[in-house]
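Let me begin by presenting the structure, written as structure tokens, before commenting on it.
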Amino acid sequence: MTPSARLAAAIEVIDQVGTARGPADEVLKAWGKAHRFAGSKDRKALAEIVYSAFRARARSAWALEAEDGRALVLGALRWSDHLAVDEISALFSGEGHAPPPLSCEEQRQLADPSAELPEWAEAGVPAWIAERLEARFGATWRDEARAAILPRAPVDLRVNTLCGDVDGALRLLAHEEIRPERTPLSTLGLRLPPAFARDVQTLRAFTSGWIEVQDEGSQVVAALAGARPGETVVDYCAGGGGKTLALGAALAGRGRLIASDVNGRRLAAMGERLGRAGVTAEVRRLGPDGEGMEGLEGVADLVFVDAPCSGSGTWRRHPESAWRLTPEAVDRLAALQIAILAHAAGLVRPGGRLVYVTCSLLAEENEAVAERFAADHPMFRPAPIAEAVATPALTDTARARLADLAGGGHSLQLTPNSTATDGFFAALFQRVP
């Protein structure tokens with residue numbers, strides 16, 4: 001494919017993402033299957049163009065007064081790749097498989113250097129999101145917004161201690177000439193750069209269960225839960241099972257682990273991951289009102305609730321998602337999160353622990369939900385983060401940093417800007433004995 005043909009394909013994919021329900025990577029995968037002539041280099045280049053366009057969407061949409069695939073690709077070429085207008089015109093020639101030529105208006109919009117960006121466009125997020133981030137983070141909100149959506153995320157790995165230690169995993173990866181860095185917060189974390197091109201799932205370290213792909217922020221909140229061998233642990237919203245595996249490794253094969261979710265398809269897919277990692281778990285399908293957890297009422301030492309959320313903490317991986325979110329969706333999610341916490345709380349034994357987690361940056365899903373739960377459930381008291389950080393799964397750097405972020409309280413917010421992780425929120429509670 002020529003560079004111009006790749007741009008035309010990117011425009012097509014972006015327009016399809018705009019009408020699809022799934023994430024951009026699924027649309028890209030479907031496009032690749034439907035266009036077999038595109039080689040691996042073409043597909044990689046296409047993905048880079050598409051994601052660059054989504055990351056630059058705020059500025060492009062504002063400057064070009066349009067949000068279709070053509071406008072987003074043009075904006076990315078101009079303001080992310082810093083191409084001159086005549087260079088863009090050469091790519092948009094209309095010849096062969098190239099996109100149609102630039103209109104006079106497009107040339108004017110791309111050439112105009114004088115327009116002053118509104119704050120939300122400069123920060124890279126929708127205007128209503130900018131308002132909520134400013135209310136949550138104050139003077140640093142622009143830095144938080146930019147870090148949340150503009151850069152690419154690294155590839156983080158978690159070493160599975162059921163297979164061996166970190167040094168063993170590093171030796172195994174070195175055999176395939178892969179040399180990741182240690183992560184600063186998680187003692188079990190390894191980090192590869194965003195541009196890492198190989199498929200992690202083909203590596204021997206992955207197929208043998210030694211490593212799992214898991215963002216360091218996800219590793220941190222799982223570590224804060226403090227699962228210990230011999231305990232009964234419930235991963236209440238297990239999803240794909242990433243944190244289930246981390247909790248299972250912490251149990252070290254001693255105890256009882258229950259993974260539950262309302263999505264039967266995701267639960268069915270979890271079996272392969274559990275087997276590869278050597279984790280044993282009971283898998284239960286949840287009903288809409290918490291059905292399916294019979295026999296567990298008041299018996300769990302730990303209930304971990306990674307609730308459905310906006311996913312705003314993962315926008316650097318899925319930048320298109322920022323533009324699908326609406327204020328009404330956040331309100332619906334917050335109501336759902338409150339209901340889920342209420343159901344999950346009934347499983348905690350006296351003296352047991354409840355951990356509420358989201359991958360969101362929005363206070364409406366985080367602090368507001370935790371505060372509402374605390375007000376409605378006086379039998380649960382806050383559990384200090386400063387005590388939870390005393391786990392070998394966290395580094396000394398992490399203990400100091402997380403305690404500082406918590407400010408002596410029972411909740412904390414990780415962000416791409418403050419901790420170089422995905423944006424995770426965690427609030428810890430203990431049921432009164």
³J(HN,Hα) computed for each position of segment 117-133 - Karplus, 6.51 cos²θ - 1.76 cosθ + 1.60, integer Hz, glycine/proline x: 5, x, 4, 5, 6, 5, 7, x, 10, x, 4, 5, 5, 4, 4, 6, 5
- prompt: Tell me, what does the Kirkwood hydrodynamic radius of segment 92-151 come to in angstroms if you use every pair of distinct C-alpha atoms?
  reply: 13.9 Å
task: For segment 126-196, just say rounded, prolate or oblate: build the C-alpha gyration tensor, square-root its eigenvalues into a ≥ b ≥ c, call rounded for a/c under 1.5, and beyond that prolate if a/b exceeds b/c, oblate if not.
output: prolate
query: Once you put a point 7 Å from the Cα of Glu26 and another 7 Å from the Cα of Arg265, both along the Cβ direction, what distance in nm separates them?
result: 0.6 nm
statement: Looks like segment 315-414, by Cα gyration tensor root eigenvalues a ≥ b ≥ c and the a/c under 1.5 rounded cutoff (else prolate when a/b is bigger than b/c, oblate otherwise), is oblate
- line: In order over segment 56-72: 3J(HN,Hα) from phi, Karplus 6.51/-1.76/1.60, θ = phi - 60°, whole Hz, x for each Gly or Pro, gives 8, 4, 4, 5, 4, 4, 5, 6, 9, 6, 7, 10, 7, x, 4, 5, 5
- request: Of the DSSP beta bridges with both residues in the chain, give the percent that are antiparallel, rounding to the nearest 5.
  value: 55 percent
Helical contribution to [θ] at 222 nm, DSSP H n ≥ 4, -39,500 (n - 2.57), averaged over the chain, rounded to 500: -13000 deg cm²/dmol
- prompt: Treating the beta-carbon of each Lys and Arg as +1 and of each Asp and Glu as -1, no other charges, what is the dipole magnitude of segment 332-433 about its Cα centre, to the nearest 20 debye?
  reply: 340 debye
Contact order relative to length of segment 135-238, as percent, for alpha carbon pairs under 8 angstrom and 6 or more apart: 32 percent
query: Distance from the Cα centre of segment 261-289 to that of segment 372-400, in angstrom?
result: 27 Å
message: With bins 10 Å wide starting at 0, give me the P(r) of segment 1-158 over every alpha carbon pair, in whole percents.
response: 10, 36, 35, 16, 3, 0
Selection from Asn417, Ala386, Thr358 lying farthest towards where the dipole of segment 354-433 points positive, charges on Cβ: Ala386
statement: GNM on the chain, Cα springs under 10 Å; top mean-square fluctuation among Trp128, Trp210, Trp315 goes to Trp128
task: Report the relative contact order of the chain, percent, no decimals, based on alpha-carbon pairs under 8 angstrom and at least 6 residues apart.
output: 14 percent
task: Please name whichever of Gly271, Ser321, Gly298 sits farthest to the positive end of the charge dipole of segment 212-335, dipole taken about the Cα centre and charges placed at Cβ: Lys and Arg +1, Asp and Glu -1.
output: Gly271
task: Please work out the FRET efficiency for the pair Ala153 and Ala342, using the Cβ-Cβ distance as r and a Förster radius of 25 Å; give the result to the nearest 0.05.
output: 0.15
statement: Restricting to Cα pairs under 8 Å and 6 or more apart, the percent relative contact order of segment 352-433 works out to 47 percent
- prompt: Of the accessible area of segment 374-433, with the probe set at 1.4 angstrom, what percent is carbon plus sulfur?
  reply: 55 percent
- line: Full extension between Thr207 and Glu48 adds, at 0.36 nm per residue less the Cα distance, a length in nm of 54.5 nm
Local electrostatic count, Leu110, Cβ distance below 13 Å [Lys/Arg +1, Asp/Glu -1]: -3
query: Using unit Cβ charges (K, R positive; D, E negative) and no other charged atoms, how large, in debye to the nearest 20, is the dipole of segment 102-192 about its Cα centre?
result: 440 debye
query: For the chain, modelled as a Gaussian network with Cα springs under 10 Å, which listed residue fluctuates most, Arg57, Arg353, Arg43?
result: Arg43
- request: Send over a whole-number figure in Å² for the accessible area per residue of the chain, probe 1.4 Å.
  value: 43 Å²
- prompt: Projected onto the charge dipole of segment 308-350 (+1 at Lys/Arg Cβ, -1 at Asp/Glu Cβ, origin at the Cα centre), which of Leu333, Ser310, Ala345 gives the Cα projection farthest towards the positive end?
  reply: Ala345
- line: Mean-square fluctuation maximum in Gaussian network of the chain, Cα pairs under 10 Å, restricted to Val330, Val303, Val220, hits Val330
query: What FRET efficiency comes out for the pair Met379/Trp79, r = Cβ-Cβ distance, R0 = 60 Å, nearest 0.05?
result: 0.65
- prompt: Once the mean 1/r over all distinct Cα pairs of the chain is inverted, what Kirkwood radius in angstroms do you read off?
  reply: 23.1 Å
Magnitude of the charge dipole, segment 1-146, Cβ model with Lys/Arg +1 and Asp/Glu -1, debye to 20: 740 debye
message: Give the lysines whose C-alpha is closer than 22 Å to that of Lys29, dropping any in the same chain fewer than 8 places away, or say none.
response: Lys41, Lys44
- line: Amide H neighbours of His35 at under 5 Å, excluding residues fewer than 5 places away on the same chain, with H built from the backbone geometry, are none
For segment 379-433: rounded, prolate or oblate by the Cα gyration tensor [a/c cutoff 1.5]: prolate
- line: Taking a crude spin-label model, label points 7 Å out from Cα along the C-beta direction, the Glu87 to Glu367 distance in nm is 4.3 nm
query: From the backbone phi of segment 314-323, what are the Karplus-calculated ³J(HN,Hα) couplings (6.51 cos²θ - 1.76 cosθ + 1.60, θ = phi - 60°) in whole Hz, Gly and Pro given as x?
result: 10, 5, 5, 8, 9, x, 5, 5, 4, 9
- request: Search the structure for amide H atoms under 5 Å from the amide H of Asp422, placed 1.01 Å from N in the peptide plane, and list their residues when 5 or more places away or on another chain.
  value: Glu216, Gly217, Ser218
field: Sites matching GluC sites (Glu not before Pro) across segment 153-185 that sit in DSSP coil, with at most 11 neighbouring C-beta atoms within 10 Å
entry: Glu177
query: Long-range amide H contacts for Val299: which residues qualify at under 5 Å (H placed 1.01 Å from N, peptide plane, sequence gap of 5 or more or a different chain)?
result: Arg349
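The values are calculated or read from the model by the stated rules, or taken from the named source; none is laboratory data. The structure presented is a predicted model; accordingly, all values stated were derived computationally and were not measured. Note: ideal-geometry Cβ built from the backbone for every residue, glycine included; neighbour counts use all protein chains shown. With ligands, DNA and RNA removed, areas are computed over all heavy atoms of the protein, side chains included. Shrake-Rupley method; radii C 1.70, N 1.55, O 1.52, S 1.80 Å.
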